[in-house]
1. Could you report region 1-152's accessible area per residue, 1.4 Å probe, as an integer in Å²?
2. Taking amide H atoms as placed 1.01 Å from N in the peptide plane, list the residues 5 or more away in sequence, or in a different chain, whose amide H sits under 5 Å from that of Arg31.
3. Report, in deg cm²/dmol and to the nearest 500, the calculated mean residue ellipticity at 222 nm for the chain, where each DSSP H run with n ≥ 4 adds -39500 (n - 2.57) and the sum is divided by the residue count.
4. What is the dipole size for region 84-197, taken about its Cα centre, with +1 at each Lys and Arg Cβ and -1 at each Asp and Glu Cβ, in debye to the nearest 20?
5. Of the accessible area of region 53-212, with the probe set at 1.4 angstrom, what percent is carbon plus sulfur?
6. Taking a ≥ b ≥ c as the square roots of the eigenvalues of the Cα gyration tensor of the chain, is the shape rounded (a/c under 1.5), prolate (a/b larger than b/c) or oblate?
7. About the Cα centre of the chain, how large is the charge dipole given +1 on each Lys and Arg Cβ and -1 on each Asp and Glu Cβ? Please answer in debye to the nearest 20.
8. Got a sec? Which residues in region 71-104 would a label at Val6 touch, if it sits 7 Å along Cα→Cβ and we count backbone N under 13 Å?
Amino acid sequence: MEQKGVSKAVIGRLPRYYRYLGELMEEGVERISSSDLSQKMKVTSSQIRQDLNHFGGFGQTGYGYHVATLYNEIGHLLGLDKNHSLIVIGAGNLGQALANYANFERRGFNICAMFDADPKLIGTRTIRDIPILDVARLEEYLENHEVDIAVLAIPKTGAIPVAKRLVEAHIRAIWNFSHTDLEVPEDVVVENVHLSESLMKLSYRMAEQRRK
Ligand code: NAI
């Protein structure tokens, strides 16, 4: 499948297509027209056609999209046809909430270990069989296990030195929840998640409604 220079906005919409198509598959829908998909997803059908055309288009005029094919192709684009192993640094409220969320596994994201600096947590418990290990032994663990993604769920003061250690230990993807920007080499991908920013956007839209 062809992949021309794709904008971040298009890539940002792919997970939503994937989710909707997954739901259609669960409902037993085999084919869907771009107008029906557009109604369901509340985006214009021309937007859908434009988005999917970036990847060579998957539909046929008058025939619609084959749901399973489109689902699998988008899954492939998103790298979801491969399993990913994750570690979580920080086994506090957020780290434990992430480890407790079993749905990541459905998408092939498997959390294999958590790391923390607090002796009260290390080795004392597991979250759904995921052990909490000493962050001092991070490098040793990474030498012996294949890990694709490290999740940073620690306060920002620790995030930069820990990210440096991860990069030196050849981690090439960081899902960063810590409130700090990380400086990493070009071949390392970082996805920042800020729930409070999402909440601020919601608050902006609420204020906008009130101004109307
Ligand atoms: P928490 O205090 O419950 O847990 C933090 C854990 O990190 C503790 O168990 C602590 O021992 C451990 N830790 C601290 N420094 C460490 C280090 N250098 N190496 C290994 N472990 C270390 O805090 P919570 O609520 O889990 O939040 C964690 C961080 O994530 C906070 O800084 C918070 O601001 C941030 N956060 C970000 C969100 C986002 O949307 N980006 C949402 C919620 C929290």
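The values are calculated or read from the model by the stated rules, or taken from the named source; none is laboratory data. Being a predicted model, the structure only gives us computed values, none of them experimental. Ideal geometry is used to build each Cβ from the backbone, glycine not excepted, and the neighbour counts take in all protein chains shown. Surface accessibility is based on the protein's heavy atoms, side chains included, excluding ligands, DNA and RNA. Shrake-Rupley method; radii C 1.70, N 1.55, O 1.52, S 1.80 Å.
1. On the way: 8520 Å² over 152 residues.
Dividing the accessible area of region 1-152 by its residue count gives 56 Å².
2. HN-HN under 5 Å from Arg31: Val67.
3. Numbers: 9 runs with 96 residues, N = 212.
Computed ellipticity for the chain at 222 nm equals -13500 deg cm²/dmol.
4. Numbers: 10 positive and 17 negative charges, 93 e Å.
Rounded to the nearest 20 debye, it is 440 debye.
5. Working: 5110 of 9830 Å².
Ligands and nucleic acids excluded, carbon and sulfur reach 52 percent.
6. Working: a/c = 2.12, a/b = 1.73, b/c = 1.23.
Prolate.
7. On the way: 25 positive and 27 negative charges, 238 e Å.
The dipole of the chain has a size of about 1140 debye.
8. Only 71-81 pass the distance filter.
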